[in-house]
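Each remark here refers to the structure printed beneath this line.
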Amino acid sequence: LSERLEGALKVLKGENKLTEINVAASIKEIRRALVDADVSYKIAKEFTDRVKEKALGSDNVLKAVSPGQLMIKIVMDELTDLMGGQAAGLNLAGKPTVILIAGLQGSGKTTFSGKLAHWLKTQKKKSPLLVACDVYRPAAMDQLTVLAEQVGVPVYKEPESKNPVQIALKAIQYAIEHKCDVVIVDTAGRLAIDEEMMAEIKNIKEAILPQETLFVVDAMTGQDAVNTAQVFNETINFDGVVLTKMDGDTRGGAALSVKYTVGKPIKFASTGEKMDALELFYPDRMAQRILGMGDIVSFVEKAQEQFDEELAKKLEKKIQKNKFDFNDFMAQINQIKKMGDLKSIMGMIPGMDKLTRNVEIDNNAFKKVEAIIQSMTPKERTNPDLLNMSRKQRIAKGCGRTLNDVNMFIKQFEQMRKMMHNMSKMPGFGAGAPPAG
Ligand code: GDP
Ligand code: MG
């Protein structure tokens with residue numbers, strides 16, 4: 001029982017502690033999470049400075065049950081906003097729609113071109129045409145051809161030509177003749193930015209005037225992704241970003257940095273080598289991934305929904321006056337139970353999942369304690385000091401437990417009460433509540 005109670009208390013303590021978190025402390029934590037997720041320190045700092053300003057300017061923070069949790073919610077909203085808020089979608093106007101794919105070599109352009117064709121065909125009921133404009137590597141043309149076959153769309157290529165502008169222009173003509181309504185132009189990349197490549201992609205863009213120019217970038221490359229994006233954006237003024245290799249262990253900081261730096265929406269996330277491993281980019285999901293905080297948002301929402309602020313304040317006063325009794329204890333258990341399954345709640349707290357992985361948290365532990373308390377008279381519940389030996393024996397009989405069980409529970413309750421009372425005398429207890437008179 002001792003361990004179980006400790007587990008339950010941990011949750012209570014966690015609640016109190018979260019209440020004490022001040023804005024500055026959460027800001028620091030959030031900045032660290034961002035840097036851990038590959039966001040540059042400069043961007044992380046600019047971002048958290050803004051969040052801090054917002055948080056301090058909102059009186060919500062002070063009224064909230066838990067400023068720490070509200071902070072995180074503000075950050076999630078800000079992050080989501082920063083990455084574009086809503087999923088951006090594609091501009092499919094134009095007859096045919098022309099989509100130009102640009103990016104460094106190995107970033108995943110050819111793979112993405114195949115995926116996009118598949119996506120347009122299955123999700124948007126379009127008839128795409130894939131165009132091979134990577135004229136430098138014969139293998140690139142073959143690769144696109146294989147992918148085109150896999151997803152069942154035609155491919156336009158000219159193995160003899162070394163002129164990507166001409167190929168692209170003729171491909172659009174071909175698309176019109178063959179009733180293809182979207183033309184996806186896969187281009188050549190280099191391992192690093194060079195002038196020749198930038199000039200070529202610029203020429204292609206100016207010749208074919210695409211409705212969408214998508215910049216493809218490997219999410220694993222972290223800060224490099226930002227620099228590359230900047231140069232490409234200055235040269236071809238792209239419309240959107242495709243983040244590839246999101247199935248790797250990247251935490252998505254590149255997404256934030258790229259959006260923050262070039263201000264263009266991220267439109268797709270590529271999550272594997274298979275042709276269906278493509279997702280529209282959802283800023284809110286990415287915000288969660290960047291913070292890497294478990295399902296923090298639902299935790300915050302759950303806590304805000306269920307935690308009764310009035311009750312908490314009343315409790316605080318009682319603890320300060322050392323009047324915490326069995327009824328309060330029951331109320332606390334009910335609070336915790338209202339929040340749902342203990343283990344799943346712990347799992348939602350950042351870092352907690354690791355701590356509790358090996359600890360057995362048993363919702364049934366409460367049942368024994370509840371049974372003991374229920375066997376007390378109302379008078380006993382409000383006056384724990386009344387409990388003498390004969391009363392304890394009666395309670396043990398009433399709830400079907402041994403005298404030892406009852407003794408142990410009461411002893412633990414007393415210890416807990418003492419501990420809480422001592423804690424209540426420490427500075428910072430119940431931050432946000434008016435000082436007790
Ligand atoms: P390109 O040079 O820009 O055309 O890049 P490719 O499309 O040829 O991709 C380079 C490598 O990355 C290939 O081995 C792809 O299979 C791989 N790749 C592309 N996209 C993804 C992705 O989303 N996830 C994973 N795991 N691999 C990818
Ligand atoms: Mg390629």
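Quick check, is Lys179 surrounded by fewer than 16 Cβ atoms within 10 Å (Cβ to Cβ) and closer than 21 Å to Val242 by Cβ?
Here the answer is no, as Lys179 does not meet what is asked.
How many residues are in contact with a Leu (Cβ under 8 Å, 6 or more places away or on another chain), of a type in the set (Ser, Thr, Tyr) and within 6 Å of ligand 1 (Cβ to nearest atom) when one looks only at region 89-118?
Matching residues across region 89-118 total 2.
Test Ser161 against the criterion of being assigned to a loop (DSSP other than H, G, I, E, B) and within 13 Å of ligand 2 (Cβ to nearest atom), and give yes or no.
no
Counting only residues that are part of a loop (DSSP other than H, G, I, E, B) and modelled with pLDDT of 75 or more, how many does region 38-77 have?
3
Could you list, in sequence order, the residues of region 95-104 that are away from ligand 2 (no atom under 16 Å from the Cβ), at pLDDT 95 or above and not aliphatic (A, V, I, L, M)?
Once the filter is applied, which keeps residues that are away from ligand 2 (no atom under 16 Å from the Cβ), at pLDDT 95 or above and not aliphatic (A, V, I, L, M), region 95-104 yields Pro96, Thr97.
Give the number of residues within region 206-227 that are surrounded by fewer than 17 Cβ atoms within 10 Å (Cβ to Cβ) and among the aromatic types (Phe, Trp, Tyr).
0
Is there a residue in region 83-95 that is assigned to a helix (DSSP H, G or I), touching a residue at least 40 places away in the same chain (Cβ under 8 Å) and closer than 19 Å to Leu169 by Cβ?
no
Out of Gly189, Gly152, which single residue is within 16 Å of ligand 2 (Cβ to nearest atom) and either free of Cβ contacts under 8 Å to residues at least 12 places away in the same chain or assigned by TED's automatic domain parsing to the domain that holds Leu209 (or both)?
When all the criteria are applied, what remains is Gly189.
Is it true that some residue in region 212-220 is assigned by TED's automatic domain parsing to the domain that holds Gly272, touching a residue at least 60 places away in the same chain (Cβ under 8 Å) and not in a strand (DSSP E or B)?
No.
Exactly one condition in (1) without any contact (Cβ under 8 Å) to a residue 12 or more places away in the chain; (2) acidic (Asp, Glu); (3) away from ligand 1 (no atom under 16 Å from the Cβ) is false for Asp194; which is it?
The failed condition is (3).
Within region 201-211, which residues are in a helix (DSSP H, G or I) and in contact (Cβ under 8 Å) with a residue 40 or more places away in the chain?
Hits for region 201-211 are Ile201, Ile204, Lys205, Ala207, Ile208.
If you check Val135, Val131, which single one turns out to be in a loop (DSSP other than H, G, I, E, B), within 14 Å of ligand 1 (Cβ to nearest atom), in contact with a helix residue (DSSP H, G or I) (Cβ under 8 Å, 6 or more places away or on another chain) and more than 30 Å from Asp284 (Cβ to Cβ)?
After applying the criteria, what remains is Val135.
Scan region 105-115 and give yes if some residue there is farther than 22 Å from Leu280 by Cβ and either within 11 Å of ligand 2 (Cβ to nearest atom) or assigned by TED's automatic domain parsing to the domain that holds Lys245 (or both), otherwise no.
Yes, region 105-115 contains a residue that is farther than 22 Å from Leu280 by Cβ and either within 11 Å of ligand 2 (Cβ to nearest atom) or assigned by TED's automatic domain parsing to the domain that holds Lys245 (or both).
Which of the following residues is within 38 Å of the chain's Cα centre (by Cα) and surrounded by 15 or more Cβ atoms within 10 Å (Cβ to Cβ): Lys121, Lys125, Lys170?
The conditions single out Lys121.
If Leu144 satisfies every condition in (1) away from ligand 1 (no atom under 11 Å from the Cβ); (2) farther than 24 Å from Asp224 by Cβ but one, which is the exception?
Every listed condition holds for Leu144 apart from (1).
The values are calculated or read from the model by the stated rules, or taken from the named source; none is laboratory data. All values reported here derive from a predicted model rather than from experimental measurement. Cβ atoms come from the backbone with ideal geometry, glycine included; neighbour counts cover every protein chain shown.
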